[in-house]
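No value in this document is a laboratory result; all are computed from the given coordinates. No experiment lies behind these values; they were computed from the predicted model shown. Every residue, glycine among them, receives a Cβ derived from its backbone with ideal geometry; neighbour counts consider all protein chains shown.
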Amino acid sequence: MTGINPGALPDDAITWHTINWDAARRHVRRLQMRIAKAVKEGRPGKVKALQWLLTHSFHAKLLAVKRVTSKSR
């Protein structure tokens, strides 16, 4: 049977151990810095757009899941 299993990961799926965590942190940090700059410059439209990008960012979601699932120190 060659059907697609809806619960299975695709062959090119990202695994937890292959994620470049430094790149994810840099991406999120850069967006946070851009938000802070837009706030400082008084650009509420830009702030809202950047916040939307951050909350929908794959990297931000990865870091959030990692923080929740990792052991607290």
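Only residues that are in a helix (DSSP H, G or I), of a type in the set (Lys, Arg) and surrounded by fewer than 12 Cβ atoms within 10 Å (Cβ to Cβ): list them for the stretch 49-73, please. Explain how you work it out, then say what you get.
Of the residues in the stretch 49-73, the ones in a helix (DSSP H, G or I) are 49-56, 58-69.
Cutting the leftovers down to of a type in the set (Lys, Arg) gives us 61, 66-67.
Within the stretch 49-73, just Arg67 meets the criteria.
I'd like the full set of residues that are surrounded by 12 or more Cβ atoms within 10 Å (Cβ to Cβ), closer than 25 Å to Ser70 by Cα and hydrophobic (A, V, I, L, M, F, W, C), limited to the stretch 22-48.
Once the filter is applied, which keeps residues that are surrounded by 12 or more Cβ atoms within 10 Å (Cβ to Cβ), closer than 25 Å to Ser70 by Cα and hydrophobic (A, V, I, L, M, F, W, C), the stretch 22-48 yields Ala24, Val28, Leu31.
Does any residue of the stretch 33-46 turn out to be among the basic types (Lys, Arg) and either touching a His at 6+ places or on another chain (Cβ under 9 Å) or part of a loop (DSSP other than H, G, I, E, B) (or both)? Steps first, answer last, please.
Applying the first criterion (among the basic types (Lys, Arg)) to the stretch 33-46 yields 34, 37, 40, 43, 46.
Pick out the ones that are also either touching a His at 6+ places or on another chain (Cβ under 9 Å) or part of a loop (DSSP other than H, G, I, E, B) (or both) and you get 43.
Within the stretch 33-46, one or more residues are among the basic types (Lys, Arg) and either touching a His at 6+ places or on another chain (Cβ under 9 Å) or part of a loop (DSSP other than H, G, I, E, B) (or both).
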